[in-house]
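Everything on this sheet refers to the single structure shown next.
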Amino acid sequence: MDLKAYLGARRASVDEALERLLPADEAGGKVLKAMRYSLFAGGKRLRPILCLAGAEAVGGAPERVMFCACALEMIHTYSLIHDDLPAMDDDDFRRGLTTNHKVYGEGVAVLAGDGLLTQAMVLLSDPALSPGLDPARVLAAAQEVTRAAGYQGMVGGQGVDLASENLEPDLATVQFMHAMKTGALITASVTSGAILAGGGADQVEQLARYGRRIGLAFQIADDLLDLEGDPARLGKSVGADQAHGKMTYPAVVGVSQARTLGQDLVSEAARIAEGLGEGAEPLAHLARYIMERTH
């Protein structure tokens, strides 16, 4: 399988759908411009691609779950806008561009994040975007995504992250924090696609096991890139975690062991995907890509 070609094709289809679902409109004013500024600032589109691949893994058609994939990218982008604010990580650059609040001001950046989160809810609840799908499955997928985005997932994990700054690094805290902050939405990305595509309970559970592993591996890779990455490729400065006293995997177990742990996690995830059959082949390759990426 040519993973680069697969990712490129999927990214293009997601970008096309996002443009259709959040078009430019002068009537939307500064807030909509700020929403689109961050949404179309680039990025890997990993979460929507995982949603599409989750549908493929259970024999479904990826295009049928595109509305959910786009909702996931909107949620992810809103979280980045808010993470960059002075009250959170206080970053000046994201994906090689000036951060949203530096361009539009803090107030509009907050509203842009709020707008993207709310628009994601609009997509997940619009019957016109899910014709022919079982309404019970649409609701179940929406529950999966929104729960992962809230205090039981991403928002809760970010709260632990803030509370843990400048404390003595602790492995249990790091694992709990990142399972929520990063792992929950990544896991929901895979499982929501499978749920919408008619996946059985056992298939969804296997994909959840897969998602939890790549979610933690993704955060380990991010922690390592913040220490060793190339700022030009990352599109942002490195060393921010240390500067803010963040609790990270390398800070707890060291760089070498963190890398080994990440590799073990993606190997386990790839084996889980391979056990689901040919339709899950992209997920197996995506798992290995998590620790190989350079940005």
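Derivation of every value follows stated rules applied to the coordinates shown; laboratory data play no part. The shown structure was predicted, so the numbers you read here are calculated from the model rather than taken from an experiment. We place every Cβ from the backbone using ideal geometry, glycine too, and count neighbours over all the protein chains shown.
Among the trypsin sites (Lys or Arg not before Pro) in region 28-93, those placed in a DSSP loop whose Cβ has at most 16 other Cβ atoms within 10 Å are K44. Among G211, G157, G42, the largest mean-square fluctuation in a Gaussian network model of the chain, built with springs joining Cα atoms closer than 10 Å, belongs to G42. Our summary gives region 9-108 a relative contact order of 27 percent, counting only alpha carbon pairs under 8 angstrom and 6 or more residues apart.
Note down the magnitude of the dipole of the chain about its Cα centre, charges +1 on Lys and Arg C-beta and -1 on Asp and Glu C-beta and zero elsewhere, to the nearest 20 debye. Write out the running numbers ahead of the final one.
Working: 27 positive and 38 negative charges, 86 e Å.
Once rounded to the nearest 20, the dipole reads 420 debye.
How many Å³ per residue does the convex hull of the Cα positions in region 3-292 occupy?
Numbers: hull volume 33.6 nm³, N = 290.
In region 3-292, the Cα hull volume divided by residue count equals 116 Å³.
All Cα-Cα distances of region 1-64, cut into 5 Å bins from zero to the largest, leave 4, 15, 23, 22, 14, 11, 7, 4, 1 percent in each bin in turn.
Return a whole-number percent for the relative contact order of region 79-220, with Cα pairs under 8 Å and 6 or more residues apart as the contact set.
Numbers: 141 pairs, mean separation 27.1, N = 142.
Computed over region 79-220, the figure is 19 percent.
The distance between label points at R209 and T118 comes to 4.2 nm (points 7 Å beyond Cα on the Cα→Cβ vector).
Positive end of the charge dipole of region 150-215 (Lys, Arg +1 and Asp, Glu -1 on Cβ, about the Cα centre): tell me which of L207, G157, A172 has its Cα farthest that way. Of the listed residues, the answer is L207.
In this simple spin-label model, placing a label point 7 Å from the Cα along the Cα-to-Cβ direction at both E292 and D134 gives a separation of 3.6 nm. I need the calculated FRET efficiency for the pair K102 and Q242, taking r as the beta carbon distance and R₀ as 30 Å, to the nearest 0.05. So the FRET efficiency works out to roughly 0.85. Toward the positive end of the charge dipole of the chain, with +1 on the Cβ of Lys and Arg and -1 on the Cβ of Asp and Glu, the farthest Cα among S256, A9, A184 is that of A9. Normalised by the number of residues in the chain, the average gap of Cα pairs under 8 Å and 6 or more apart makes the relative contact order 21 percent.
Summarising the label geometry, the points placed 7 Å from Cα in the beta-carbon direction at A5 and S256 lie 4.0 nm from one another.
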